[in-house]
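The values are calculated or read from the model by the stated rules, or taken from the named source; none is laboratory data. Predicted model only: the values in this text are computed from it and were never measured. Backbone-built Cβ (ideal geometry, glycine too); neighbour counts: all protein chains shown.
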Amino acid sequence: MPYDSSLDLTLQAEPGMQMPFSLEAEQSVLGAVLLEPECLPAVAEILPRAEYFYAVNNQLIYGVMLELFTLGQPVDFVTVLEKLRENDAFDEDTGKVYLTQLAQIVPSISNVEVYAGIVRDKYDVRTLIQAARSILSDAREGGEESSLLLDSAEQRIFDIRRGKNMKGLLPVREILLDTFDRLDLLNSADRDRYRGIPTGIGELDTAITGLNRSDLIIIAARPGVGKTSWGLNIARHASVVGKRRVAFFSLEMAREQLASRLLACEAVVEGNKLRSGELTENEWTKLVEAGDILSKAELYFDDTPGITVPEIKAKVRRLGNVDLIIIDYLQLMSSPRRIDNRVQEVTEITRSLKIMAKELDVPVVVCSQLRRATERSKDHIPGLSELRESGSIEQDADIVIFLHREAYNATSEGGEVTEDMDLSAAQLIVAKNRHGETLRIPVHWQGEYMRFTSREVIRNG
């Protein structure tokens, strides 16, 4: 029976231009599934949704096929036809003939994945065209700031790329080969390049195996406890000692302030002396030496206020070969689109940060504030429920570390620092760790130098 072109299906209406699509490829995919339903799992991996088809009726038919497949029911001419009859838009006469013809026009069932790839490529191009139209429309309206328009445009393009780069299931043997290759690298002479990036606190690095690729690590504390200082400590250790390329995004402090703190920490010179300028000759010498060391580090600062995840992603891609991203801090970040609910906005930001960590394959360290409930708690020890503004922070993070200082909590509640209270005592509380145990690690806080250091734990007996 020859193909009847009068049965070609309704196409989606697109204003202004004919959208790219391949009717032959769409029909060949549907026909191949009707003739050999066993190929549907492979096709569904390439085309997981009916919207990948451009012709409206092809969408309808493929949607029915996916529904039957999901329900575990057989997919063939009879079952598909019966299911289509439940749709009021289905025309019995032309629809039955069209299904029959689909099974007759397939060039080769063995090439069904190639046909599905063509359908997917055309969909990607159509999505890109639609994104470009939306970008142009938003720009013409002029209702948004240019920075928001740029962020939104970048996010749309990244979303298309992320969808195109989705990978299917891999057999365990292939994954095991990759695992053994990684283990070989970890035991090679250049092993330090493939291990998690050290934070500079040995006990912590042992517990979390360093800062690992694709991980989202949250550092949480109340204001003034030392989140920024520790973030800088990590950045300094990774870039100076570890020879890694680090991108530090500060939404609160200016670059010059960060550099001053970093210099004080490296030179072991009191930070307030860098602000007052009252320095001894010896301190000047130490600062010059520290400046020489820091100037050779691959450490980059950005102090754009209200930065968005797409903007961070774009800047990191332009810099290239970044090993570690540090953001200070989460609650000052913005979403590329307007969201009235702050909890939903933070939820979108944290999920985007986790996706960015996976896409760029780098650890992302993000400082976050805690709710004031921490200060009112009896023992002052922070918990996961006190992460500010969204439970998604706990959910999306691979590792959550709290900074805790007893002396800070005592004074923040209006209390007094007692004589037996160690002002330098601090703890790193690993409250969530997808790679191992949770624990508390004592560290030493040197406020005059704005740094945390490892602290000896004396065990009696």
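Meeting the requirement of 1 or more residues that are in contact with a Phe, Trp or Tyr (Cβ under 6 Å, 6 or more places away or on another chain), at pLDDT 85 or above and in the same structural domain as ASP361 (by TED's automatic domain parsing), the helices (runs of 4 or more DSSP H) wholly within segment 243-307 are 255-267. The helices (runs of 4 or more DSSP H) found entirely in segment 359-461 that carry 1 or more residues being modelled with pLDDT of 80 or more are 392-396. Quick check on my filter: what residues within segment 159-218 are small (Gly, Ala, Ser) and either at pLDDT 65 or above or surrounded by 15 or more Cβ atoms within 10 Å (Cβ to Cβ) (or both)? Passing the criteria: SER188, GLY196, GLY200, GLY202, ALA207, GLY210, SER214. For segment 308-320, a residue qualifies if it is over 16 Å from the mean Cα position of the chain (by Cα) and either assigned to a helix (DSSP H, G or I) or modelled with pLDDT of 90 or more (or both), and the qualifying residues are ARG318, LEU319. In segment 78-102, which residues are surrounded by 15 or more Cβ atoms within 10 Å (Cβ to Cβ) and closer than 14 Å to TYR62 by Cα? Those that are surrounded by 15 or more Cβ atoms within 10 Å (Cβ to Cβ) and closer than 14 Å to TYR62 by Cα: THR79, VAL80, LEU81, LYS83, LEU84, PHE90, GLY95, TYR98, LEU99, LEU102.
Let's see how each residue does on (1) hydroxyl-bearing (Ser, Thr, Tyr); (2) at pLDDT below 85; (3) outside the structural domain of TYR54 (by TED's automatic domain parsing):
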| position | (1), (2), (3) |
| --- | --- |
| GLY95 | no, yes, no |
| PRO107 | no, no, no |
| ASN111 | no, no, no |
| ALA131 | no, yes, yes |
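Would a scan of segment 37-57 turn up a residue that is of a type in the set (S, T, N, Q) and modelled with pLDDT under 90? Yes, because at least one residue in segment 37-57 is of a type in the set (S, T, N, Q) and modelled with pLDDT under 90.
When LEU34, LEU68, LEU30 are checked against the criterion of being free of Cβ contacts under 8 Å to residues at least 24 places away in the same chain, closer than 25 Å to ILE118 by Cα and crowded, with 16+ Cβ neighbours inside 10 Å, a single residue qualifies: LEU68. Those helices (runs of 4 or more DSSP H) of segment 29-135 in which at least 1 residues are more than 29 Å from the chain's Cα centre (by Cα) and within 30 Å of ALA153 (Cα to Cα), considering only elements entirely within it, cover 56-70.
Entry remark, segment 229-282: residues being under 26 Å from ASP361 (Cβ atoms) and in contact with a strand residue (DSSP E or B) (Cβ under 7 Å, 6 or more places away or on another chain) number 16 in total. Close Cβ contacts (under 7 Å, 6 or more residues apart or on different chains) running from residues in segment 124-153 that are surrounded by 13 or more Cβ atoms within 10 Å (Cβ to Cβ) to residues that are modelled with pLDDT of 80 or more and among the acidic types (Asp, Glu) comprise ASP151/GLU311. Filtering segment 332-342 for residues that are over 20 Å from the mean Cα position of the chain (by Cα), surrounded by fewer than 16 Cβ atoms within 10 Å (Cβ to Cβ), assigned to a helix (DSSP H, G or I) and at negative phi leaves an empty set.
Taken together, the criteria place VAL75 among residues that are modelled with pLDDT of 85 or more and surrounded by 16 or more Cβ atoms within 10 Å (Cβ to Cβ). Does VAL97 fit the bill of being touching a Pro at 6+ places or on another chain (Cβ under 9 Å), farther than 24 Å from GLN18 by Cα and β-branched (Val, Ile, Thr)? Against the criterion (touching a Pro at 6+ places or on another chain (Cβ under 9 Å), farther than 24 Å from GLN18 by Cα and β-branched (Val, Ile, Thr)), VAL97 does not qualify.
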